[in-house]
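*Asks:* What follows is a structure written as structure tokens; I'll ask about it next.
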Amino acid sequence: MGTAVITGAASGIGACVKARLKAQGYDIIGIDLKGEAISADLSTVDGRQSAIDKALDMSGGKIDRLVLAAGLGGHLENGALVARVNYFGAVALLDGFKEALAATKGRCVVIGSNSAQMRTDPKAPMVEAMLEGNEAKTIEIIGGFHAAMVYGHSKHALTRAVRRRAAEWGELGISLNVIAPGPTETPMLEGVKEHPTISKSLEMIPIPQKRFGRAEEITDIIEFLLSDTADYMQGSVIYVDGGTDAQLRPDAF
Ligand code: NAD
């Protein structure tokens, strides 16, 4: 089947994707803080580069499937760290693996979030700084903000960064799409539920299907996006959120 690289492979959605692709016969290269083939801290420039170098070495420069799942939640105090991992870590690895994906005409799925369009200002200075690729400016703008102020913006900018690459990458034969889950039962969501105040905002999110998602359900759609069946999809943003986005933004698509 070839080689699949998965960030955030040690937990939650990334771990579920890893199990699924392993069962399909892929050689898996997991990247996470610990417990995977490659231990790397994607919040740092050195950690990102080391992850890229090691994965390219282990894969022989040919990657068939890439899933970028590593991320931190909006319940953390440190908003700057969330921007570093969710935006700069993801985009660095995306770009770092471009040639290796082109070598196989491979497929990539980036995990965004339905919060990317919830109360996010597309012209927010932190979003513009992220899209400029200016990490120092982004961190300066964020200052001491709680991650609740940053998480949605980091996923908004990440989704746009993917969309901006989709045309050129499509011409190279690389499939590149975003999945936008709603709240999904993983250790990250447990952290949100346990937070004394952020848990309240979770309760305010309308979910027409009246339940949180399961990692297996998100993985089902990732598996589809990684398959030949999704061949004509490029730059798509797929909401898998029990209807939340449609309820909040019925006239936007
Ligand atoms: P999780 O916490 O279970 O897994 C995230 C993984 O990312 C962990 O293994 C963690 O160690 C890794 N990670 C965090 N910081 C890292 C760093 N600096 N370097 C390397 N790895 C790091 O969370 P999850 O819910 O499975 O989240 C997976 C993705 O889905 C994330 O991008 C998240 O933002 C997104 N998402 C989750 C939900 C949800 O409700 N669970 C909803 C929408 C989007």
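*Asks:* Residues of segment 165-181 being in contact (Cβ under 8 Å) with a residue 12 or more places away in the chain, of a type outside the set (A, V, I, L, M) and away from the ligand (no atom under 16 Å from the Cβ), which ones? Please lay out each step first, then the result.
*Replies:* Step one: list which residues in segment 165-181 are in contact (Cβ under 8 Å) with a residue 12 or more places away in the chain, which gives 165-167, 169-170, 172-181.
Among the residues that remain, those that are also of a type outside the set (A, V, I, L, M) are: 165, 169-170, 173, 175, 177, 181.
Across segment 165-181, the qualifying residues are Arg165, Trp169, Gly170, Gly173, Ser175.
*Asks:* Does segment 196-219 hold any residues that are surrounded by fewer than 19 Cβ atoms within 10 Å (Cβ to Cβ), closer than 24 Å to Gly8 by Cα and modelled with pLDDT under 95, and which are they?
*Replies:* Residues satisfying the conditions are Ser199, Leu202.
*Asks:* Could you tell me which residue of segment 182-211 is farthest from the ligand (Cβ to nearest atom), considering only residues that are among the basic types (Lys, Arg) and not in a loop (DSSP other than H, G, I, E, B)? Give the steps one after another, and end with the answer.
*Replies:* Start the filter on segment 182-211 by keeping residues that are among the basic types (Lys, Arg), which leaves 193, 200, 210-211.
Next, from what is left, pick out any that are not in a loop (DSSP other than H, G, I, E, B): 193, 200.
Values: Lys193: 10, Lys200: 16 Å.
Looking at the filtered set, the residue picked out is Lys200.
*Asks:* Considering each residue of segment 67-76, count those that are in contact with a strand residue (DSSP E or B) (Cβ under 9 Å, 6 or more places away or on another chain) and in a loop (DSSP other than H, G, I, E, B), and give that number.
*Replies:* Within segment 67-76, the subset in contact with a strand residue (DSSP E or B) (Cβ under 9 Å, 6 or more places away or on another chain) is 67-71.
From what is left, the residues that are in a loop (DSSP other than H, G, I, E, B) are 69-71.
Summing the residues that are in contact with a strand residue (DSSP E or B) (Cβ under 9 Å, 6 or more places away or on another chain) and in a loop (DSSP other than H, G, I, E, B) in segment 67-76 gives 3.
*Asks:* Report yes if some residue within segment 129-148 is surrounded by 21 or more Cβ atoms within 10 Å (Cβ to Cβ) and within 18 Å of the chain's Cα centre (by Cα); otherwise report no.
*Replies:* Yes, because at least one residue in segment 129-148 is surrounded by 21 or more Cβ atoms within 10 Å (Cβ to Cβ) and within 18 Å of the chain's Cα centre (by Cα).
*Asks:* Look through segment 23-66, keep the residues that are part of a helix (DSSP H, G or I) and of a type in the set (Ser, Thr, Tyr), and return whichever of them is surrounded by the fewest Cβ atoms within 10 Å (Cβ to Cβ). I'd like the intermediate steps shown before the answer.
*Replies:* Step one: filter segment 23-66 for residues part of a helix (DSSP H, G or I), giving 23-24, 45-59.
Filter once more, so that each one left must be of a type in the set (Ser, Thr, Tyr): 50, 59.
On the way: Ser50: 17, Ser59: 20.
Applying the filter and picking the extreme gives Ser50.
*Asks:* Exactly one condition in (1) surrounded by fewer than 23 Cβ atoms within 10 Å (Cβ to Cβ); (2) farther than 30 Å from Ile198 by Cα is false for Phe97; which is it?
*Replies:* It fails just one condition, (1).
*Asks:* How many of the residues making up segment 1-22 are within 16 Å of the ligand (Cβ to nearest atom), in a strand (DSSP E or B) and either of a type outside the set (A, V, I, L, M) or over 17 Å from Leu56 (Cα atoms) (or both)?
*Replies:* 1
*Asks:* Sticking with this structure for a sec: Only one of these is within 16 Å of the ligand (Cβ to nearest atom) and of a type in the set (A, V, I, L, M, F, W, C): Ala103, Ala136, Ala80. Name it.
*Replies:* Details: Ala103 fails: within 16 Å of the ligand (Cβ to nearest atom); Ala136 fails: within 16 Å of the ligand (Cβ to nearest atom).
Result of the check over Ala103, Ala136, Ala80: Ala80.
*Asks:* Could you please tell me which pairs satisfy a Cβ distance under 7 Å, a separation of 6+ or placement on different chains, a first residue in segment 27-56 that is of a type in the set (Ser, Thr, Tyr), and a second residue that is in a helix (DSSP H, G or I) and at pLDDT 95 or above?
*Replies:* What qualifies is Ser43/Leu81; Ser43/Arg84; Ser43/Val85; Ser43/Gly89.
*Asks:* Please find, among Gly8, Gly2, the residue that is in contact with an Asp or Glu (Cβ under 7 Å, 6 or more places away or on another chain) and either hydroxyl-bearing (Ser, Thr, Tyr) or crowded, with 24+ Cβ neighbours inside 10 Å (or both).
*Replies:* On the way: Gly2 fails: either hydroxyl-bearing (Ser, Thr, Tyr) or crowded, with 24+ Cβ neighbours inside 10 Å (or both).
On inspection, the qualifying residue turns out to be Gly8.
*Asks:* Cβ-Cβ below 9 Å, separation at least six or inter-chain, first residue in segment 236-253 and in contact (Cβ under 8 Å) with a residue 40 or more places away in the chain and under 29 Å from Ile174 (Cβ atoms), second part of a loop (DSSP other than H, G, I, E, B) and of a type in the set (S, T, N, Q): which pairs?
*Replies:* Listed by first residue and then by second, the contacts come to Asp241/Ser113; Asp241/Gln209.
The values are calculated or read from the model by the stated rules, or taken from the named source; none is laboratory data. In this text the structure is predicted, and so the values were computed from the model without any measurement. Note that each Cβ is placed from the backbone with ideal geometry, even for glycine, and that neighbours are counted across all protein chains shown.
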